[in-house]
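This report concerns only the one structure given below.
The values are calculated or read from the model by the stated rules, or taken from the named source; none is laboratory data. Everything quoted here is computed from the prediction, not taken from an experiment. For neighbour counting, all protein chains shown are included, and Cβ atoms are generated from backbone atoms with ideal geometry for every residue, glycine included. For the accessible areas, the whole protein counts, side chains as well, though only heavy atoms, and no ligand, DNA or RNA atoms are used. Shrake-Rupley method; radii C 1.70, N 1.55, O 1.52, S 1.80 Å.
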Amino acid sequence: MNALSQDVSASAAGSRLPALNDWVAQVAALTRPDSIRWCDGSDAESEALVAKMQADGTLLPLNADTHPNSWLHRSHPDDVARVEHLTFVCTSEQDDAGPNNHWMAPADGHAQMDALFDGCMQGRTMYVVPYCMGPIDSPLARCGVEITDSPYVVANMGIMTRMGAQALARIEREGTFVKGLHSIGELDPNRRYIMHFPEELTIKSFGSGYGGNALLGKKCHALRIASHQAKSEGWLAEHMLILGIENPQGETHYVAAAFPSACGKTNLAMLIPPEGYRSAGWKVWTIGDDICWMRPGADGRLYAINPEAGFFGVAPGTSAKSNPNALKSIQRNTIFTNVGVTADNQPWWEGLDNGQVPVTDWRGEAYDAAKRPAAHPNSRFTVSAKQCPSYSEKAEDAQGVPISAIVFGGRRASLVPLVFEARDWTHGVLVGAAMGSETTAAATGAVGVMRRDPMAMKPFCGYNFADYFSHWLSFDNGAAQLPKVFHVNWFRKSDEGKFLWPGFGDNLRVLEWMIGRVKGEAGAVETPIGHLPAVTDLNLDGVELSDEGKDKLFGFDQGAWQAEFASIGEYLDEYGPRMPQALKDEQQRIARL
Ligand code: GTP
Ligand code: MN
Ligand code: MN
């Protein structure tokens with residue numbers, strides 16, 4: 001027996017599940033690490049990992065007085081965002097992946113990935129990371145194991161998921177788990193792929209250490225693989241925040257909202273009510289800021305959990321004014337990735353607006369505003385959800401929370417009003433399917449280009465969008481008590497290019513109207529695109545809106561919407577005969593008006 005196989009068999013003591021041990025042994029034989037570490041999620045383990053990363057420069061300590069136990073990580077400058085052009089869904093039939101995904105035959109995908117993984121962990125430690133997505137005792141939760149050679153990934157997974165011994169115990173009990181294999185490789189963009197094998201519940205990711213590419217529990221498992229699982233098991237895995245709105249009477253309604261990356265999910269999830277609302281007793285509770293798994297309960301309502309345990313939030317623009325709860329969450333025990341630092345080593349980013357100035361930029365060079373921003377536009381913080389002042393204990397509830405409203409939204413400078421309500425579930429599915437948004441820095445590529453991003457799932461749906469919409473439509477059966485569906489646009493601009501809606505905390509005014517609609521109390525005007533509030537249907541006390549603002553935020557422009565519906569029709573047709581007829585009928589019914 002050679003040294004490697006001894007190492008592997010010694011580590012097999014880590015699990016009582018032969019299928020897991022076998023897979024770990026196979027991966028070790030392929031990647032040839034120097035050693036294998038089964039992660040237990042203990043504090044001692046986390047401290048040892050941090051010490052190791054501090055020693056090798058992966059983590060730089062930040063000012064311990066202002067930001068205790070917090071760290072800066074500088075990623076490779078070519079590795080700062082998700083890479084959609086290098087992300088594949090490998091299903092046996094190409095049509096099952098759909099025009100919305102890059103596809104490769106599973107055998108080809110494995111061959112290509114295994115060639116990259118061959119020997120890639122020589123000289124490195126291989127970490128075996130068992131994790132649970134969702135409260136550990138929740139029937140809605142699902143488990144996975146990520147194998148990685150990146151201690152930074154292990155540290156982030158430790159914050160973002162329920163990681164370690166308890167997850168392993170559940171995996172041993174259930175016998176099934178998602179297999180995620182990850183290596184940073186050489187961080188070479190030409191040797192980088194993120195591949196998903198949904199039929200095998202397997203992920204292989206090589207060449208990137210960036211969150212969405214490397215923390216496999218998050219986008220790869222909780223969205224791409226889970227959406228596929230959810231289709232066959234009758235539930236939904238969505239790119240949605242979940243929040244609770246408590247009114248002055250103490251009643252709480254839960255809302256799930258899908259906005260594309262960097263379009264305001266984390267902000268809305270942590271909303272602080274504006275002054276008049278706060279004093280009247282309104283509260284907003286955070287359940288999740290990025291991912292929502294939901295399924296019908298015995299009473300026919302949709303019940304939702306946040307599969308994550310932490311926030312991987314966009315740093316730039318986060319300030320005491322825009323998102324005080326996020327700012328309070330990240331004062332300690334936080335990993336900052338690709339932000340700038342001040343002279344006294346505090347983290348800094350554009351829009352922090354705390355009177356300090358950066359001296360070093362995210363690449364570790366002297367800050368020069370003419371050269372590049374101090375923080376990368378997609379720089380992030382990783383922090384436990386428990387540190388958020390508005391975090392709800394209901395987020396730990398195994399049964400999840402009942403959803404009263406589903407909200408879709410995008411970044412639309414023109415056309416789309418502040419809010420409207422879909423007539424019924426089928427119309428709501430069309431509203432989600434037709435979502436468009438201007439692209440952001442969260443993925444590589446041009447910024448500010450309008451693209452269709454149905455339900456904010458364009459980068460994340462692990463199967464054919466046509467089948468995904470059919471799956472959504474299928475929830476409308478006799479037994480269901482479905483939530484109302486809405487669409488919002490916080491990003492409507494004036495002719496001068498300024499945002500017309502104040503946004504942030506004031507978005508509660510729009511949420512209040514939605515809950516009023518759910519309860520049958522709030523007014524609305526019927527239009528071909530759905531029910532729009534009149535200006536007087538929203539509580540706008542303390543909000544200054546220009547006449548242009550009122551027109552554009554609450555108006556419906558028939559001619560412009562006709563053009564939009566023509567383009568939505570063309571989009572649905574790209575999916576051919578697989579696109580559900582009910583959705584095409586709905587589009588045509590509205591297009592004729
Ligand atoms: P991912 O975490 O990448 O999925 O994105 P996210 O949807 O959580 O995005 P996030 O909340 O971090 O959005 C960040 C961007 O949206 C920043 O540029 C914010 O300033 C902007 N933003 C959020 N809410 C509002 C709002 O109500 N109005 C305006 N104008 N901008 C907003
Ligand atoms: Mn996201
Ligand atoms: Mn976010």
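Key figures
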{"item": "First in the stretch 309-324 and farther than 14 Å from Arg380 by Cα and open to solvent by less than 30 Å² (accessible area, probe 1.4 Å), second anywhere and more than 8 Å from ligand 1 (Cβ to nearest atom) and part of a strand (DSSP E or B), Cβ under 8 Å, 6 or more apart", "result": "Ala309/Arg162; Ala309/Ser384"}
{"item": "Residue that is within 24 Å of the chain's Cα centre (by Cα) and among the β-branched types (Val, Ile, Thr), where the choices are Val488, Val543", "result": "Val488"}
{"item": "Pairs with Cβ under 7 Å, 6+ apart, first in the stretch 328-352 and more than 17 Å from Asn378 (Cβ to Cβ), second hydroxyl-bearing (Ser, Thr, Tyr) and open to solvent by 10 Å² or more (accessible area, probe 1.4 Å)", "result": "Asn333/Ser384; Val341/Thr360; Gln346/Thr66"}
{"item": "Those residues of the stretch 49-69 which are outside any loop (DSSP other than H, G, I, E, B) and either touching a residue at least 60 places away in the same chain (Cβ under 8 Å) or open to solvent by less than 60 Å² (accessible area, probe 1.4 Å) (or both), in sequence order", "result": "Leu49, Val50, Ala51, Lys52, Met53, Leu60, Pro61"}
{"item": "Residues (polar (S, T, N, Q) and away from ligand 2 (no atom under 13 Å from the Cβ)) located in the stretch 257-295", "result": "Ser279, Thr286"}
{"item": "Residue tally, condition touching a helix residue (DSSP H, G or I) at 6+ places or on another chain (Cβ under 6 Å) and free of Cβ contacts under 8 Å to residues at least 12 places away in the same chain, over the stretch 200-243", "result": "0"}
{"item": "Meets criteria (among the aliphatic types (A, V, I, L, M), at pLDDT 95 or above and in contact with a Phe, Trp or Tyr (Cβ under 8 Å, 6 or more places away or on another chain)) for Leu216", "result": "no"}
{"item": "From the options Pro316, Pro307, Pro260, residue that is modelled with pLDDT under 95, within 16 Å of ligand 3 (Cβ to nearest atom), on the phi < 0 side of the Ramachandran plot and outside any strand (DSSP E or B)", "result": "Pro260"}
{"item": "When residues of the stretch 319-361 are limited to those that are among the polar types (S, T, N, Q) and in a helix (DSSP H, G or I), the one farthest from Met160 (Cα to Cα)", "result": "Asn325"}
{"item": "Odd one out for Asn247, checked against (1) within 14 Å of ligand 2 (Cβ to nearest atom); (2) open to solvent by 10 Å² or more (accessible area, probe 1.4 Å); (3) on the phi < 0 side of the Ramachandran plot", "result": "(1)"}
{"item": "Output for the stretch 78-95, where each listed residue is open to solvent by 50 Å² or more (accessible area, probe 1.4 Å) and either over 22 Å from the mean Cα position of the chain (by Cα) or aromatic (Phe, Trp, Tyr) (or both)", "result": "Ser92, Glu93, Gln94, Asp95"}
{"item": "Tally of residues being assigned to a strand (DSSP E or B), open to solvent by 40 Å² or more (accessible area, probe 1.4 Å) and farther than 26 Å from Pro274 by Cβ across the stretch 513-570", "result": "1"}
{"item": "Filtered residue count, the stretch 263-280, keeping only those that are more than 27 Å from Gly310 (Cβ to Cβ) and either open to solvent by less than 40 Å² (accessible area, probe 1.4 Å) or in a loop (DSSP other than H, G, I, E, B) (or both)", "result": "2"}
{"item": "Residue within the stretch 470-478 that is within 16 Å of ligand 3 (Cβ to nearest atom) and part of a helix (DSSP H, G or I) present", "result": "no"}
{"item": "Qualifying residue in the stretch 198-208 (condition: open to solvent by 10 Å² or more (accessible area, probe 1.4 Å) and within 15 Å of ligand 1 (Cβ to nearest atom))", "result": "no"}
{"item": "Search result, residues across the stretch 281-296 that are among the small types (Gly, Ala, Ser) and part of a strand (DSSP E or B)", "result": "Gly288"}
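For every residue, the table says whether it meets (1) assigned to a loop (DSSP other than H, G, I, E, B); (2) open to solvent by 20 Å² or more (accessible area, probe 1.4 Å); (3) farther than 30 Å from Ala343 by Cβ.
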| site | (1), (2), (3) |
| --- | --- |
| Ala370 | yes, yes, no |
| Pro377 | yes, yes, no |
| Gln399 | yes, yes, yes |
| Pro402 | no, yes, yes |
| Ala405 | no, no, yes |
| Arg411 | yes, yes, yes |
| Ser414 | yes, yes, yes |
| Val431 | no, no, yes |
